[in-house]
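Structure record follows, encoded as structure tokens.
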Amino acid sequence: MTAAYPHARLRRTRAAAWSRALHRETMLTPADLIWPLFVTEGSGVEEPIASLPGVSRWSFDGIAERAREAVTLGIPCLALFPNTQPGRRSEDGREALNPENLMCQAIRAIRDAVGDGVGILTDVALDPYTSHGQDGLIDEAGYVLNDRTVEVLVGQSLNQAAAGADIIAPSDMMDGRIGAIRAALEDEGYANIQIMAYAAKYASAFYGPFRDAVGSRGLLKGDKKTYQMDPGNSEEALREVALDLAEGADSVMVKPGLPYLDIVRRVKERFEVPVFAYQVSGEYAMIEAAAAAGAGDRDALVLETLLAFKRAGCSGVLTYHAAHAARLLT
Ligand SMILES: NCC(=O)CCC(=O)O
Ligand SMILES: [Mg+2]
């Protein structure tokens, strides 16, 4: 039995800054952050993204510069997303298999700039490469075909592995792709390349600005509800995670972030494996809009939301605020 009031006064340990620091249960450091970057063609190019104020697409030189910045700031990992030009998009997304695509060139630019000073996480899914904006191959009715898509995702993963990716991160939500990719990585001599599975990815309204950033918003017809999860489901997330772990994922991700921290917590408690969350573009945009409207202090909102991911059980968080947060923390 613990003491009761008045012998127990929980305000006692909160009374001074030194004591609050001493009793703080959760810490946020730059090492908890994964920084998503958008890649575009050209050189010396920075394209601001209107719906993601403060975030730009960068050409390879800019990507290399961001990698140097990450090293300086102590951010351990970058996540890459390409803005594929319309002329390189197709019904079958075959640009994903091109060894000279934006993703592969960006990986090499980062390696040239910082060696293995940062980890490189690469997105596996076809939406940045398809002319219809879906994450996989579609039939005449527009339905995303599972098994044929998985075959292409395996090729996409091997293409990224050959270019030097450290963590393959399938975000497509096809069934069985983790096992297929893991087997292919083993066969091709990439036993040490990690897989971070977007295991519980929800069909969410929070992805809008991301689709602007990779140029798929105007292309996408319909929605992604036949493969991404229903926001009402939680038991199903545990099944998704169990399958991805059984298929060989090293870590799992929950996405979006803040509205799904209950899922993070359930996954962490059930499986005791590294869990990551993606604070997605719409969440970033909400914080920026709130700060711009004078509804809250930007720096405080950024740090509090990121700390919440840690408290919920995350090993780390993908966030467009990574560089800003790391500067605040150092
Ligand atoms: N596969 C990566 C994403 O879909 C990111 C979504 C977002 O930031 O809104
Ligand atoms: Mg799954």
Quiz item: In a shell of Cβ-Cβ distance under 13 Å around R68, excluding R68 itself, what net charge do Lys and Arg (+1) and Asp and Glu (-1) give?
Solution: -2
Practice problem: With springs only between Cα atoms under 10 Å apart, run a GNM on the chain and tell me which of D299, D92, D244 wobbles the most. | Solution: D299
Self-check item: Shape call, the range 27-329: gyration tensor on alpha carbons, a/c limit 1.5
Solution: rounded
Exercise. State whether the range 218-330 is rounded, prolate or oblate according to the following rule on the C-alpha gyration tensor (a ≥ b ≥ c being the square roots of its eigenvalues): a/c under 1.5 gives rounded; otherwise a/b larger than b/c gives prolate, and the remaining case gives oblate.
Key: oblate
Practice problem: Starting from the Cα-Cα distance between E236 and E41, subtract it from 0.36 nm times their residue separation and give me the gain in nm to one decimal. | Solution: 66.3 nm
Quiz item: When we measure straight from the Cα of K224, which lysines land under 22 angstrom away, once same-chain ones fewer than 8 places off are left out?
Solution: K201, K255
Self-check item: Cβ-derived FRET efficiency at R0 25 Å, R24 paired with T2, nearest 0.05
Solution: 0.80
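Determine the gain in length on full extension of the stretch R311-D147; use 0.36 nm per residue of separation and subtract their C-alpha separation, reporting nm with one decimal.
So the extension gain works out to 55.3 nm.
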Practice problem: Over the chain, give the accessible area per residue in Å² for a 1.4 Å probe, as an integer. | Solution: 45 Å²
Quiz item: Considering only protein heavy atoms and a 1.4 Å probe, what is the carbon-and-sulfur percentage of the accessible area of the range 83-239?
Solution: 47 percent
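The values are calculated or read from the model by the stated rules, or taken from the named source; none is laboratory data. Every value quoted in this text rests on a predicted model; they were computed, and no experiment measured them. All Cβ positions, glycine included, derive from the backbone under ideal geometry; neighbour counts span all protein chains shown. Heavy atoms of the whole protein, side chains included, go into the accessibility calculation; ligands, DNA and RNA do not. Shrake-Rupley method; radii C 1.70, N 1.55, O 1.52, S 1.80 Å.
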